[in-house]
Amino acid sequence: MNFLSLKSYGRRKSNWLILGISLLIGAWLAAMPIGAAIDRGLSPARFGVVHRAASGKLLVVEMDAKSAMAIKRWPWSRSNYAKVVDHLRQAGAASILFDVEFSSPSDAAGDEAFAAALARADGIVALPTFGQNASSRDQRTIDALPIGLFRPHVALASVSIRPDADGQVRSMPFGTSTAGTARPSLSAYIAQRSGTIDTGFPIDMSIDPETIPRLSFIDIRDGKFDSAQVRGRSILIGATAIEMGDRYGTPLWGVIPGVSVQALAAETLLRGVPQSGGATMPVLLAMAAALLIVHVRGIGIAIAMVGSQLVLCVAILLAQHALLIVYPLAAGLGIILFAGLTCGARDVADRFRLQRMKDEDTGLPNSRALISERQAGTACTLIVTQFNNYDSLLAVLGTSGGADVVLRIADRLRLIAKDASVYRLADRHLAVLLPLDHPVDDTLDGLRSILLQPVEVAGRRVDVAVSLGLASGSVGDIERLMADATLAADDASQAGVFWLRGVVDKSDLERSISLMGELDAAIAADLINVYYQPKYNLREGRITSAEALVRWHHPERGFVGPDVFIPFAEKANRIAPLTLYVLRRVIKDVLEWRAEHGSITAAVNISANLLSDAAFNAQVEDILLGSALPSTALVFEVTESAAMSDPKSAVAALNRYRDLGVAVSMDDYGTGQSTLTYLKDLPLNELKIDRSFVQHAHRNRDDGVLVTSTIRLAHELGLKVVAEGVEDHECLHFLQTSGCDFVQGYFISRPLPLAQFLNFLKLEHKTAA
């Protein structure tokens with residue numbers, strides 16, 4: 001299985017993972033209060049798309065400010081209501097309904113007049129009933145009914161309104177029970193709809209309350225109205241004057257009078273009986289959309305995500321307005337949003353990885369792609385082909401012609417085995433990975449005659465001098481095989497033979513054992529140095545952090561590069577004491593500079609393998625808690641490409657560090673094998689884009705696109721971005737215009753010993769001043 005096959009397999013696995021998590025998110029939103037809260041927040045949008053006019057079958061008689069000014073006193077004498085009932089009855093009203101409390105007596109004459117008017121109305125009047133708490137401290141419900149004098153000739157209808165948790169009214173009950181009797185709600189009574197008591201229906205907030213016909217109470221009382229406006233209509237009487245209270249919040253129309261809420265509920269039922277649909281249909285539609293999203297790439301993800309959300313919203317709105325079924329939106333939108341954002345992040349990560357795994361000149365998979373083959377088997381033979389006259393070919397043919405020569409030879413190497421992949425390890429080296437049982441020796445003689453034939457490039461035939469090196473062993477040790485086979489190819493060239501088989505050099509192993517013993521002694525003797533490379537804050541225009549880098553000046557070997565002793569330390573289990581030593585030194589140094597440069601933080605590199613080491617994490621925590629330095633002055637940088645032996649323990653450790661105040665940064669982003677998983681799982685504050693992408697981002701369009709896409713992605717996830725490898729002003733300007741937060745590289749400063757670093761900070765401070 002080559003690296004492209006592995007990538008395809010990995011993509012299929014991640015597709016199922018994304019779909020599974022998307023479904024879980026949808027189920028969670030459907031079941032948890034947060035989903036209902038999101039749906040409540042979406043109410044104005046879903047009802048604001050279509051505005052509907054009222055049916056005209058209902059008229060509201062407003063107890064408005066005009067009426068209050070005319071009648072002057074409150075509460076009003078019920079003789080006023082008597083006159084209104086008589087005038088409405090005489091004008092031909094179909095029914096008269098009050099959203100006004102009549103549960104206690106008023107002046108006797110007024111009560112008698114109102115009772116007489118109700119008797120004359122002969123059953124077309126409905127008075128309100130509702131339940132209310134006994135007091136602010138006593139939560140028992142007391143039923144409020146009209147006084148006995150008014151009840152013989154009227155119907156009773158419930159006016160109870162039950163706002164949601166956020167105080168807004170979105171639904172109305174079909175009925176409630178008062179005094180042990182089921183009562184229809186005012187809206188159900190008007191629309192003549194039946195339903196179960198204490199069962200609600202969603203109010204259609206797309207109906208514009210301003211389109212409901214209205215008349216002033218005082219005009220009705222004084223007979224100053226056109227009876228045609230009343231004839232055949234249901235009349236709803238209630239307070240609209242602000243000083244009378246009785247106002248409720250609604251999703252689309254803001255705070256409106258209670259009588260308007262009752263009117264909207266009645267208009268809803270006059271059109272039909274709406275139902276609250278479950279989350280199953282939106283979730284199924286959204287999962288179908290997510291299935292589409294995981295199979296598209298690039299800009300298609302954004303198009304599919306936005307398009308799917310629009311289709312889902314249109315489908316739900318059609319169901320709402322045509323079928324009168326109100327489905328929740330949160331679960332479906334959450335599924336599509338998660339699938340889209342996750343696939344977008346995966347796509348950016350895949351583009352990073354694919355870019356990193358291809359040779360820029362030829363498009364062949366490179367050494368990183370070959371290293372990824374460690375996952376594909378257990379034993380193999382690696383053949384490295386070396387171009388012995390590559391410099392001469394490049395001088396004659398140029399870069400483009402040289403790339404063509406490499407591609408022609410790669411085509412010939414593929415004849416070794418069916419479906420063999422050819423990798424370009426370096427300018428002058430190609431490699432082919434074969435199963436260990438492949439009969440390599442039998443094919444090399446035939447391959448020699450093929451490889452030594454002239455190659456035609458740009459109309460000319462050129463001779464290519466090649467030599468081959470072979471190395472066999474475990475795929476898990478592919479870097480060793482690459483080194484052995486490359487040395488063997490060079491030895492073959494020096495010996496003047498076509499191919500040689502590599503032999504493991506044991507002196508390197510002996511050197512590593514010796515070096516690790518000396519490293520232990522250097523740590524104990526405090527001979528390991530910590531240098532600091534400044535991080536420049538592009539937004540603040542100053543140095544605000546620095547990365548701690550370990551340096552070893554060996555008394556006999558001289559300078560030993562970290563690229564030499566750190567890999568040995570990791571293999572020999574010496575990385576933990578080295579990291580703890582660096583952490584203690586950094587804390588000591590930061591405490592030293594805090595007096596003058598208190599806001600400057602320091603970053604310490606932590607091997608991802610150590611995060612699963614409970615003993616190491618306990619020692620780190622002891623150091624942090626025992627230090628006078630606030631943990632917020634530290635950043636732990638975790639290398640993205642390092643494998644975690646125990647991801648759960650690693651994430652738990654980083655969460656613990658975050659709890660202590662330490663920031664977490666992902667180092668060398670884009671160079672590893674599990675970028676999407678790490679972005680999802682790790683509690684990150686910061687992302688560091690690897691120098692291989694940053695260095696030429698201002699000149700190379702593909703690198704530039706990948707860098708700017710990563711910056712946008714990181715900012716969407718709430719992360720800061722550090723670009724490392726900045727070596728000139730043009731690159732700095734590109735990153736600044738791209739919205740990057742921090743830069744690091746030789747253009748800002750090389751890594752400096754503590755004394756020089758402090759001088760650098762002082763000079764920078766004076767320059768800024």
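Rolling a 1.4 Å probe over the protein heavy atoms gives the chain an accessible area of 45 Å² per residue.
Using R0 = 30 Å, the C-beta based FRET efficiency linking ASN529 and ASN655 works out to 0.40. In a DSSP loop and with at most 16 other Cβ atoms within 10 Å, the GluC sites (Glu not before Pro) in the range 662-769 are GLU727. Under the classification rounded if a/c is under 1.5, otherwise prolate if a/b is larger than b/c and oblate if not, where does the range 206-259 fall, given a ≥ b ≥ c as square roots of the Cα gyration tensor eigenvalues? Cα axes put the range 206-259 in the oblate bin. Backbone N atoms of the range 703-730 closer than 19 Å to the 7 Å Cα→Cβ label point of TYR746 belong to residues 723-730.
The amide H of ARG214, built 1.01 Å from its N in the peptide plane, has VAL60 as neighbours under 5 Å, considering only residues 5 or more places off or on other chains. The relative contact order of the range 50-168 comes to 23 percent, based on Cα pairs under 8 Å that sit 6 or more residues apart.
Residue separation of LEU24 and ALA228 scaled by 0.36 nm, minus their Cα-Cα distance, works out to 67.7 nm of gained length. For the chain, the longest principal axis of the alpha carbon atoms and the long axis of helix 754-768 meet at an angle near 50°.
Distance from the alpha carbon centroid of the range 597-617 to that of the range 175-206 works out to 63 angstrom. Amide H to amide H, with H built 1.01 Å from N, LEU687 comes under 5 Å of MET666, LYS720, VAL721, VAL722, counting only residues 5 or more places away or on other chains.
Working note: Karplus 6.51/-1.76/1.60 with θ = phi - 60° gives the range 153-164 the couplings 10, 10, 8, 10, 10, 6, 10, 5, 10, 10, x, 6 Hz, where Gly and Pro are set to x. Grab the beta carbon distance between LYS588 and ALA379, set R0 = 45 Å, and tell me the FRET efficiency rounded to 0.05. According to the calculation, E is roughly 0.40. Between the entries (i) 13, 30, 24, 18, 12, 3, 0; (ii) 13, 34, 31, 16, 5, 1, 0; (iii) 16, 49, 30, 4, 0, the label attached to P(r) over Cα pairs in 20 Å bins from 0, in percent calculated for this structure is (i). Between GLU479 and MET69, the simple label model (points 7 Å from Cα in the Cβ direction) yields a spacing of 8.7 nm.
Dipole of the chain computed with +1 at Lys/Arg Cβ and -1 at Asp/Glu Cβ about the Cα centre; of GLY398, GLY344, HIS696, farthest Cα towards the positive end is GLY344. Ranked by solvent-accessible area (1.4 Å probe, protein heavy atoms only, all chains present), the residues SER472, SER14 order from largest to smallest as SER472, SER14. Projecting the Cα atoms of LEU156, ILE34, SER649 onto the dipole axis of the chain, where Lys and Arg carry +1 and Asp and Glu carry -1 at the beta carbon, places LEU156 farthest toward the positive end. Computed from the Cβ-Cβ distance with R0 of 25 Å, the FRET efficiency linking ASP122 to SER55 stands at 0.45.
Remark: the range 324-395 carries a charge dipole of roughly 300 debye about the Cα centre, counting +1 on each Lys and Arg Cβ and -1 on each Asp and Glu Cβ. Its relative contact order, with pairs defined as Cα atoms under 8 Å and 6+ residues apart, puts the chain at 9 percent. Annotation note: GluC sites (Glu not before Pro) in the range 546-620 located in DSSP loop regions with a Cβ neighbour count of at most 14 within 10 Å are GLU556.
Mean residue ellipticity at 222 nm, helices only, the chain: -15000 deg cm²/dmol; runs of at least 4 DSSP H residues each add -39,500 (n - 2.57), and the sum is divided by the number of residues. Relative to the longest principal axis of the Cα atoms of the chain, helix 330-356 runs at roughly 10 degrees. Modelled spin labels at ALA155 and SER104, positioned 7 Å past Cα toward Cβ, are 2.9 nm from each other. Given a 1.4 angstrom probe, I'd like the percentage of the accessible area of the chain that is carbon and sulfur, rounded to a whole number. Carbon plus sulfur share of accessible area: 54 percent. Projecting label points 7 angstrom from Cα along Cα→Cβ for ALA31 and ARG12 puts them 3.1 nm apart. Charges were assigned to the Cβ only: +1 to each Lys and Arg, -1 to each Asp and Glu. The resulting dipole of the chain about its Cα centre is roughly 2340 debye. For the residue pairs LYS535/LYS766; LYS13/LYS680; LYS13/LYS720; LYS358/LYS720; LYS535/LYS762; LYS588/LYS648, alpha carbon separations beyond 26 Å are given by LYS13/LYS720; LYS358/LYS720; LYS588/LYS648.
Between the helical axis of 506-524 and the longest alpha-carbon principal axis of the chain there is an angle of about 60 degrees. Compared with the alpha-carbon gap, the fully stretched path from GLU540 to ALA465 is longer by 21.4 nm at 0.36 nm per residue. Entry note, the range 534-657: relative contact order of 24 percent, from Cα contacts under 8 Å with a spacing of 6+ residues. Rounded, prolate or oblate: which fits the range 715-769 when a ≥ b ≥ c are the square roots of the eigenvalues of the alpha-carbon gyration tensor, with rounded for a/c under 1.5 and prolate only if a/b beats b/c? Prolate, because a/c is 1.5 or more and a/b exceeds b/c. Simple rule: put +1 on each Lys or Arg Cβ and -1 on each Asp or Glu Cβ in the chain, find the dipole, and look at THR178, VAL604, GLY718; the Cα lying farthest toward the positive end is THR178.
Segment HIS715..VAL255, full-extension length gain: 161.9 nm, with 0.36 nm per residue of separation and the alpha-carbon distance subtracted. Computed from phi, the 3J(HN,Hα) profile of the range 716-722 under the Karplus parametrisation 6.51, -1.76, 1.60 (θ = phi - 60°) reads 4, 8, x, 9, 7, 10, 10 Hz, with x in place of Gly and Pro.
Between amide H atoms placed 1.01 Å from N, distances below 5 Å from SER177 occur with ARG183, all of them 5 or more places distant or on a separate chain.
The values are calculated or read from the model by the stated rules, or taken from the named source; none is laboratory data. Keep in mind that this is a model prediction, so the values were computed, not measured. Cβ coordinates were reconstructed from backbone atoms using ideal geometry, including for glycine residues, and neighbour counts include every protein chain displayed. Accessible surface areas use protein heavy atoms only, side chains included; no ligands, DNA or RNA. Shrake-Rupley method; radii C 1.70, N 1.55, O 1.52, S 1.80 Å.
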